[in-house]
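Reviewing the structure listed below.
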Amino acid sequence: MIINLLSDTVTKPTPGMLEAMFKAEVGDDVFNQDPTVNKLQSKVSNLFKKEAALFCPSGTMTNQLAIKAHTNPLDEMICDQTSHVYQYENGGYSFHSGISIRLIHGINGKLTPEDIRKAINPHAEWYPHSKLVVIENTCNKAGGGYYTLEEMAAISETCKKHHLKLHLDGARIFNALTEIDASTQEVGALFDSISICLSKGLGAPVGSLLIGNNDFIFQARRFRKVMGGAMRQSGYLAAAGIYALDHHIDRLTIDHQHAKKIEQALLSSPLIKEVLPVYTNIIVFKLQPEVTAKVFIQQLANQQISAIDIGENTIRFVLHLDITSAMVSTVCSVLKALR
Ligand SMILES: *Cc1c(COP(=O)(O)O)cnc(C)c1O
């Protein structure tokens, strides 16, 4: 059996989740007639105490819809250089929204109010109009670090003061909430929009939600349609999402414990130069210069462990609900034995 540490997207539905999907009541969601989709959307908007939510096929789509609904062509968005909206969405901000991007070289993928303030363009006819800030919590490529509630609140205040919209790419917000002292409602109050993924640590097969006020979600719904993302009997997928929210949030702490255990094994390996601090379910580490990522990944593959490189000599492991404690012990033994 493969120990798959590629991503937390690799999970398969549990028997309980499959049963919930099988039993789902469905209808045509383009006509707002799928009761399970409607239930998921109100569950999530209530959770974050916002007016509305929209179920979408992917987190790329929820992010892109948010950027589209918050901006006009010739506007500019501000985000960290490691962020998913910049690195992994094909430059969709320019393709769909016709806007430019201002990248910040933050620490651990995080922006500060000062970074944002300095990145705002002056008002002049030749500058793109600074309009939107996107932050990621947790920060994926930067190693799964998180913003605290206070840090998010300070950013929110700065954005309000400068009339910037603020979007949270919360693909892993529940991992962050496992570590920080904050409620979903408190987080909801700080952002104009939030994207959450059901298909990451929560273990659903498909789906993300965009959350915001009624006008914003109405716009996003139109853009979802034009991008071809309006689905019909998607209640089968929404049922998996409801199950994930009910059953898979509390257990995220186990993934974080597993990550800490693997971090210890990595720290004792002579092949590894540096392990970025482990905060949640993501481990990013750098190999010694003489060890290539390709060879290291192959060595792991020979022991049935799957992982990915995310930069030069840089490897990422991600923990999730299909990784058991026994598998974590195996990974630790393999890492300690590699030479
Ligand atoms: C996975 C991810 C997304 C969305 O990815 P999809 O594969 O399109 O669902 C967005 N932001 C972050 C930080 C992610 O890790």
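The values are calculated or read from the model by the stated rules, or taken from the named source; none is laboratory data. It should be emphasised that the depicted structure is a prediction, and the values quoted were computed from it without experimental measurement. Please note: Cβ atoms are built from the backbone with ideal geometry, for glycine as well, and neighbour counts cover all protein chains shown. We work out accessible area using only protein heavy atoms, side chains counted, and drop any ligands, DNA or RNA first. Shrake-Rupley method; radii C 1.70, N 1.55, O 1.52, S 1.80 Å.
Observations, loosely collected:
- Against the test of being of a type in the set (V, I, T), at pLDDT 95 or above and open to solvent by 40 Å² or more (accessible area, probe 1.4 Å), the options I116, I99, I120 yield a single qualifying residue, I120.
- In the range 273-301, the residues that are part of a helix (DSSP H, G or I) reach residues that are open to solvent by 20 Å² or more (accessible area, probe 1.4 Å) and hydroxyl-bearing (S, T, Y) with C-beta atoms within less than 8 angstrom, at least six apart or across chains, in these pairs: L300/S306.
- Near pairs, Cβ below 9 angstrom, 6+ apart or cross-chain, from the range 80-108 (assigned by TED's automatic domain parsing to the domain that holds N121 and over 22 Å from Y146 (Cα atoms)) to any residue that is within 14 Å of the ligand (Cβ to nearest atom) and open to solvent by 40 Å² or more (accessible area, probe 1.4 Å): N90/T60; G92/T60; Y93/Y86; H96/M227; I101/Y86
- Residues in the range 1-45 that are assigned to a helix (DSSP H, G or I) and open to solvent by 40 Å² or more (accessible area, probe 1.4 Å): P15, L18, E19, F22, V30, F31, P35, N38, K39, S42, K43.
- Leading residue by the ranking (nearest to the ligand (Cβ to nearest atom)) among those in the range 170-197 that are open to solvent by less than 10 Å² (accessible area, probe 1.4 Å) and closer than 17 Å to I217 by Cβ: S195
- Residue check, K165 farther than 26 Å from F317 by Cα, more than 16 Å from the ligand (Cβ to nearest atom), touching a strand residue (DSSP E or B) at 6+ places or on another chain (Cβ under 6 Å) and open to solvent by 10 Å² or more (accessible area, probe 1.4 Å): yes
- Of the criteria (1) touching a helix residue (DSSP H, G or I) at 6+ places or on another chain (Cβ under 8 Å); (2) under 30 Å from L276 (Cβ atoms); (3) in contact (Cβ under 8 Å) with a residue 60 or more places away in the chain, which one C56 fails: (2)
- Within the range 137-162, the only residue that satisfies the criterion of being within 16 Å of the ligand (Cβ to nearest atom), open to solvent by 20 Å² or more (accessible area, probe 1.4 Å) and not basic (K, R) is Y146.
- T71 being crowded, with 19+ Cβ neighbours inside 10 Å, on the phi < 0 side of the Ramachandran plot, within 16 Å of the ligand (Cβ to nearest atom) and in contact (Cβ under 8 Å) with a residue 40 or more places away in the chain: no
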